[in-house]
Amino acid sequence: MNLLQALAAAVGEANVLTGEAAAPYLTDWRKRYRGRAQAVVRPGATAEVAAVVRACVAARAPMVPQGGNTGLVGGGTPDSSGTAVVICLQRMNGVRSIDTANDTITVDAGCVLQEVQQAAQERGRLFPLSLAAEGSATIGGNLATNAGGTQVLRYGNARDLTLGLEVVLASGEIWEGLRGLRKDNTGYDLKHLFIGAEGTLGIITAATLKLYPLPAAQMTALAALPSLVAAGRLLERARATAGASLTAFEAMGSITLRHAVDELPALRMPLPLSQPWYALLELSDAEGQEHATAVFERILADALEAGDIVDAAVARSLAEAKALWALREGIPEAHAKRGGNVKHDISLPVSCIAEFVESTNAALRSRYPWIEPIVFGHLGDGNLHYNMGTVPGTPIDVAFAHEKAINDVVNDAVHARGGSISAEHGLGQLKREAISRYKPAVELELMRRIKQALDPLGLMNPGKVI
């Protein structure tokens, strides 16, 4: 029996795709990476994933796990050799159980994030992981990249929301680790090896995740700011006043928002685009609307008096709140329509961000007068999407032609301030080589030892991360 026959025996012939049928799975969301594969397989259960892995191991075929294929670093795309098998988990999309007394939900890895949020909400609970691609990104991919999103400030990354995993190992064995325990001090916490590993150590097939009570009230506002330094002061004030009730704090440059409203006509700015920076704040209150309103109004009034904000628009309904969030969530789509940009997903100590943006913008503009910084991100947790476009009249291809040099300037500046060149997107193919410049040699060697121990044949998503 050859490999394709073994795969068909594992998942059914209809779920082994080759030729044109496989093509949509071989290109990443940004259209940056295009690979080839022997086949794309679509297992429908964990046992089928295990059978596929065993077949690939027997044939020494590399395996590329894939979820919603919404990643930004090429982590779910095969290389050009044509030897790999892409293992797409989209058919594994069930909610296995919800335990409201324990505040947990157990789902298959192919569950779309938005569907997990909805399943929790129907049972009166909140699953707080939220990001722009939540309508198509899957839980398996979210965990493989340790996704962050807009509410990390309050609830943490995907890693912090995970209690247990089920994983198919590189040997084809199944690790049953779906435990819904907050405390389990019985040795190494193995789940953390697989979260953020981008499928290089094993294939996550299911997860037990934390749930939270639904907030009694939510408040959302967009504030116009005179500077990024003022945004930092507003964040500090909001945290001091609202505490854990502050669930999101997003910063957006005016150029970034201008592009968004120009490219997406459905978006509406409730404030004039007259200030250099804007912040989107969200407060989730456990007491009720009256208390939430009082806290929010105190934050904004004090900031206005101190000169940290120039104006603010407070959402008075759910529809208005959604419209404000649509501005933030539409930014990636808008810039994709403009032809893209040189992307950087960085994290820094919040105290360093304003100085970093000012000095790095200046360094890049002095070298490249045509560059246009497009900056936005999760200021509350120190994560910026520090992207570089071009001024009107300069094609974006000019920026792409200088991508490596731009990356070096940005990454060196991030590293010098104790930051990370990948906050929430992962390394994938895009940053695999760059990370060797910034991680200590001992740390890289430890990663290689773990990889060798769990995937001795090197078949799990080769060419990614390390």
Check your understanding: Using only the Cα atoms of region 154-303, what do you get for the radius of gyration and for Dmax, in Å?
Key -> 20.8, 59
Practice item. Take the Cα coordinates of the chain, assign each an equal point scatterer, and use the Debye formula without solvent to give log10 I(q)/I(0) at q = 0.11 Å⁻¹. Key: -0.92
**Study point:** Alpha-carbon centroid distance for the pair region 129-173 / region 408-437, whole angstrom
**Key:** 21
**Study point:** Overall form of region 95-213 per C-alpha gyration tensor (a/c, 1.5; a/b vs b/c)
**Key:** prolate
**Study point:** Sequence-separation-based contact order of region 95-213, relative, with Cα cut under 8 Å and 6+ spacing, percent
**Key:** 32
Study note, to complete from the structure: Footprinting proxy, 436, 245: sorted fewest to most Cβ within 10 Å, the residues are 436, 245
Check your understanding: What is the extension gain from residue 80 to residue 322, computed as 0.36 nm multiplied by their sequence separation minus the C-alpha to C-alpha distance, in nm to one decimal?
Key -> 83.0 nm
Study note, to complete from the structure: Cross-link reach from residue 31 to lysines, straight Cα distance under 22 Å and at least 8 residues apart if same chain, gives 337, 343, 404, 431, 464
Review point. Going by how many other beta carbons lie within 10 Å of each one, how would you line up 225, 264, 348, fewest first?
Key: 264, 348, 225
Check your understanding: Which shape class, rounded, prolate or oblate, goes with region 217-333 when its Cα gyration tensor gives a ≥ b ≥ c as root eigenvalues, a/c under 1.5 marks rounded, and past that a/b bigger than b/c marks prolate?
Key -> oblate
Exercise for review: Enter the Cα centre distance for the pair region 65-103 and region 231-291, rounded to the nearest angstrom.
Suggested key: 32
Study note, to complete from the structure: For 100, 162, ascending order of other Cβ atoms within 10 Å (fewest first) is 100, 162
Check your understanding: For the chain, what relative contact order do you get, as a whole percent, if you take Cα pairs closer than 8 Å and at least 6 residues apart?
Key -> 15
**Study point:** Cα→Cβ-extended label distance, 7 Å offset, between residue 362 and residue 100, nm
**Key:** 5.7
Review point. Based on the alpha carbon coordinates of region 243-298, what radius of gyration and maximum Cα-Cα distance (Dmax) apply, in Å?
Key: 14.3, 39
**Study point:** Rounded to 10°, Cα long-axis angle of helix 46-59 versus longest principal axis of the chain
**Key:** 60
Point to revise | Förster radius 25 Å - calculated FRET efficiency between residue 294 and residue 118, Cβ distance, rounded to 0.05 | key: 0.25
**Study point:** Peptide ranges 374-386, 410-422, 276-288 listed from the most packed, as the mean C-beta count within 10 angstrom indicates
**Key:** 374-386, 276-288, 410-422
Review point. Where a Cα-Cα gap under 17 Å defines reach, which lysines qualify for residue 322, not counting those fewer than 8 residues away within the same chain?
Key: none
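Bear in mind these aren't lab numbers, they're just calculated from the coordinates by the rules spelled out. None of these values were measured; they are calculated from a predicted model. Here the Cβ is made from the backbone with ideal geometry for all residues, glycine too, and neighbour counts use every protein chain on show.
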